[in-house]
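A quick write-up on the structure given underneath.
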Amino acid sequence: MKAVLTRALLASAIALPLIATAGDFSPYVDAKGGISRPTDFRTGFVHLGSYAVLDEKSAARGLHDVYTEKASAEHYRKTGQFPDGATLVKEIRKLETSAMTTGDPVVWGSDAAVWFVMVKDAKGRFAGNPLWGDGWGWALFKADAPATNGAVSYEADCMGCHVPAAKTDRVFVQGYPTLKPR
């Protein structure tokens, strides 16, 4: 019996994120406010919706898929707010096109180019950390370094896009049908 319990405890420990967390706040945030990229978001999170930026001159060109934890989506549907510790992951994938029997051209997302991660911080835990502000932690991970947060400051790296969404807690919720009440 003891060996079975030890194996079960070891197996559950292996499944936990391998970073120090800020209390029970988020498994993706360390004690200093460093944010890691969830690696299981495609299968372990809920898909909120997608945007396609087709402008070939735009730095944001690609298919923008956004995910969050199931509990965070359920909380939002009930309250209209993201709960403290909610994680949003936006994966931007490169666009491919081709003629297909369904249309010409057909556009789809291929390889990931970048990931943006936002973690809701309703308590202002990391005052003074330039990656935290306006109720969120902000991170940017590029495909060539998926474990390294390349953002320097949320004001410099994130606000340019998120200012228009100030009335909806800096999140473009209009494109996320999963968040609409049932």
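The values are calculated or read from the model by the stated rules, or taken from the named source; none is laboratory data. What you see is a predicted model, and the numbers here were worked out from it, not measured in a lab. Positions of Cβ are generated from backbone atoms using ideal geometry, with glycine treated the same way; all protein chains shown enter the neighbour counts. Please note that ligands, DNA and RNA were not included when accessible areas were found on the heavy atoms of the full protein model with its side chains. Shrake-Rupley method; radii C 1.70, N 1.55, O 1.52, S 1.80 Å.
Values as computed for the structure displayed
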{"read-out": "Breaking point among (1) open to solvent by less than 50 Å² (accessible area, probe 1.4 Å); (2) over 25 Å from LYS180 (Cα atoms); (3) of a type in the set (D, E, K, R), for GLU69", "value": "(2)"}
{"read-out": "Cβ-Cβ under 8 Å pairs, at least 6 apart or on other chains, the range 45-58 side farther than 15 Å from GLN174 by Cβ, far side of a type in the set (Asp, Glu)", "value": "PHE45/GLU69; VAL46/GLU69; HIS47/ASP65"}
{"read-out": "Tally, over the range 104-113, of residues that are modelled with pLDDT under 90 and open to solvent by less than 40 Å² (accessible area, probe 1.4 Å)", "value": "1"}
{"read-out": "So VAL171, is it under 23 Å from VAL53 (Cβ atoms) and part of a strand (DSSP E or B)", "value": "no"}
{"read-out": "Answer residue from the range 20-39, given it is outside any strand (DSSP E or B) and among the aliphatic types (A, V, I, L, M) and is least open to solvent (accessible area, probe 1.4 Å) among those", "value": "ALA22"}
{"read-out": "Of residues in the range 141-174 being touching a helix residue (DSSP H, G or I) at 6+ places or on another chain (Cβ under 7 Å) and open to solvent by 30 Å² or more (accessible area, probe 1.4 Å), the one nearest to LYS32 (Cα to Cα)", "value": "ARG170"}
{"read-out": "Test result for TRP136, among the aromatic types (Phe, Trp, Tyr), open to solvent by less than 30 Å² (accessible area, probe 1.4 Å), under 13 Å from GLY33 (Cβ atoms) and touching a residue at least 24 places away in the same chain (Cβ under 8 Å)", "value": "yes"}
{"read-out": "Some residue of the range 121-130 being in contact (Cβ under 8 Å) with a residue 12 or more places away in the chain, open to solvent by less than 40 Å² (accessible area, probe 1.4 Å) and of a type in the set (A, V, I, L, M)", "value": "no"}
{"read-out": "Condition check for PHE116: outside any strand (DSSP E or B) and surrounded by 15 or more Cβ atoms within 10 Å (Cβ to Cβ)", "value": "no"}
{"read-out": "Complete set of residues in the range 114-136 that are of a type in the set (Gly, Ala, Ser) and closer than 25 Å to SER72 by Cα", "value": "ALA122, GLY124, ALA127, GLY133, GLY135"}
{"read-out": "Members of the range 40-67 found to be of a type in the set (S, T, N, Q) and part of a strand (DSSP E or B), listed by number", "value": "SER50"}
{"read-out": "Complete set of residues in the range 74-92 that are open to solvent by less than 50 Å² (accessible area, probe 1.4 Å) and in contact (Cβ under 8 Å) with a residue 12 or more places away in the chain", "value": "TYR76, ARG77, PHE82, PRO83, GLY85, ALA86, THR87, LEU88, VAL89, GLU91, ILE92"}
{"read-out": "In the range 72-101, the residues that are closer than 27 Å to LYS180 by Cβ and in a loop (DSSP other than H, G, I, E, B)", "value": "GLY80, GLN81, PHE82, PRO83, ASP84, GLY85, ALA86"}
